[in-house]
Amino acid sequence: MKKRFKFLEHTADAYVEAYGTSLEEAFENAAFAMTDVMTEVEKVEAQNEESFMVEAQDEYALLYSWLEELLLEFELKGRLYSRFEVSEIEKISEGFRLRAKAWGENYDSKKHPSKVGIKSATYHQMKILKKPKSVTVRFILDV
């Protein structure tokens, strides 16, 4: 199995570097990494499917909004996800649009041990690095 993400050195927050062969795959792995910060992601069963559409003015704002959307699902509805499929990131007149699906289940404190609470995603030190056959995204989660 290829490496999906790694944690980078940071004094107080979770600094994540996620990889993909495309921007879509890098965003999928960013979401997976965020779940892994919160709980043991392998214990989150991909039982229920949810659809997402996120729009933002640029790719950085899109990454931020995508992560925030998933964080809101946890905070407001108690949902955790372990499988992600970003089917499309497209340029639109207002910026960019992401269409995705995520599979997961409702949070259960007995099944999903808490690791670190995430307050929000941040723009601080956010980077999107594109190469011909790979994309790397870096972002900090405020914990």
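Before moving on, here are some points about what is shown:
- Acute angle (nearest 10 degrees) that the helix 59-77 long axis makes with the longest principal axis of the chain, alpha-carbon atoms: 20
- Candidate lysines - alpha carbon under 24 Å from residue 133, same-chain residues fewer than 8 apart omitted: 2, 3, 6, 91, 101
- The chain, helix-only ellipticity at 222 nm - DSSP H runs n ≥ 4, -39,500 (n - 2.57), divided by all residues, nearest 500: -8000 deg cm²/dmol
- FRET efficiency for residue 7 and residue 93, using Cβ-Cβ distance with R0 set to 35 Å, rounded to 0.05: 0.45
- Comparing 126, 34, 53 in a Gaussian network model of the chain, where Cα atoms under 10 Å apart are tied by springs, the biggest mean-square fluctuation is seen for 53.
- Length added when fully stretched, residue 111-residue 53, from 0.36 nm per residue minus Cα-Cα: 18.0 nm
- nm² value of the averaged projected area, convex hull over the Cα atoms of the chain: 8.4
- In loop segments of region 3-42 as defined by DSSP, the trypsin sites (Lys or Arg not before Pro) with at most 12 further C-beta atoms inside 10 Å of their C-beta are 3.
FYI, it's all coordinate maths here, none of it is from the lab. The shown structure was predicted, so the numbers you read here are calculated from the model rather than taken from an experiment. We place every Cβ from the backbone using ideal geometry, glycine too, and count neighbours over all the protein chains shown.
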